[in-house]
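We did not get these values from a lab; they are worked out from the coordinates using the rules stated. No experiment lies behind these values; they were computed from the predicted model shown. Neighbour counts are summed over all protein chains in view; Cβ atoms, including those assigned to glycine, are modelled from backbone coordinates with ideal geometry.
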Amino acid sequence: MEIESVILKARDIDSMRRFYIDLLNFTEIERQEGCLSIKVGHSVLQFLEEKEARKPFYHFAFNIPSNQFKEAKDWVRDKVCLNTEGDKDEIVFERLGGRSFYFNDPGGNIVEFISREQSPLHSGPFCTETLLNISEMSLTVSHVLKASEELQRIGLTSRDNDPINRAYLNFMGDDGSDSYLLLVEPERRWIFSTQVSEVHPLEVVVKNIGTITVDKHGRLTVVQA
């Protein structure tokens, strides 16, 4: 499964642009008023201006080369404060073969950089140009079981065929995937954060599979490619 693009909402596009473009040196795609689109490896992440009173935030993850975890962490830490859990500022996921660190952007989004054992190597210095793709996008929905059925309809199943559980993150992808959509219901605390999951609108395009949309009520719909 390959996440081609993600569209999220943000209250202050200007502050997001300063953070992602000026501070972290992401490449901006087609600059437009009320919109920020950045290149994340083979993926595109877009923020659209939120015009209602909500303060939307999300959790998403970027894949980094498997040999550059420490370099990426040092690079980011020079620019922003890393999030912590207890006295730790990173975590190892044995089952995923991954290692992650987290930070927040000005919109309150929980940004994760993850290095997976199966990801490609990179020989040059780390920068945002060496990010591989958007590897995880969390979808906070009102009904996880119903949403999982919609994803299964387009061939996205739970990792290792784990049973869907309303109390946990449910990793949805296809065989051999190193990218996932994470289904979760509201009020679950994000690790390395005091924030809890909330429903906010978003759109994800999965290459050759379809478009997944979550509306402001937490309803998930899919349009097959």
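Listing for the model above:
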read-out	value
Antiparallel bridge percentage (DSSP; both residues within the chain; nearest 5)	70
Point-to-point label distance, residue 224-residue 129, nm (Cα→Cβ direction, 7 Å offset)	4.1
Value in Å of the Kirkwood radius, where the stretch 24-169 supplies the Cα pairs that are averaged	17.1
Of the GluC sites (Glu not before Pro) in the stretch 70-126, those whose Cβ has at most 15 other Cβ within 10 Å and which sit in DSSP loop	94, 117
Centre separation in Å (Cα based) which lies between the stretch 73-88 and the stretch 115-191	22
Listed residue pairs exceeding 22 Å between alpha carbons, taken from 39/216; 73/207; 9/216; 55/146; 9/79	39/216; 73/207; 55/146; 9/79
Calculated on alpha-carbon atoms, Rg and Dmax of the stretch 108-225 in Å	14.9, 45
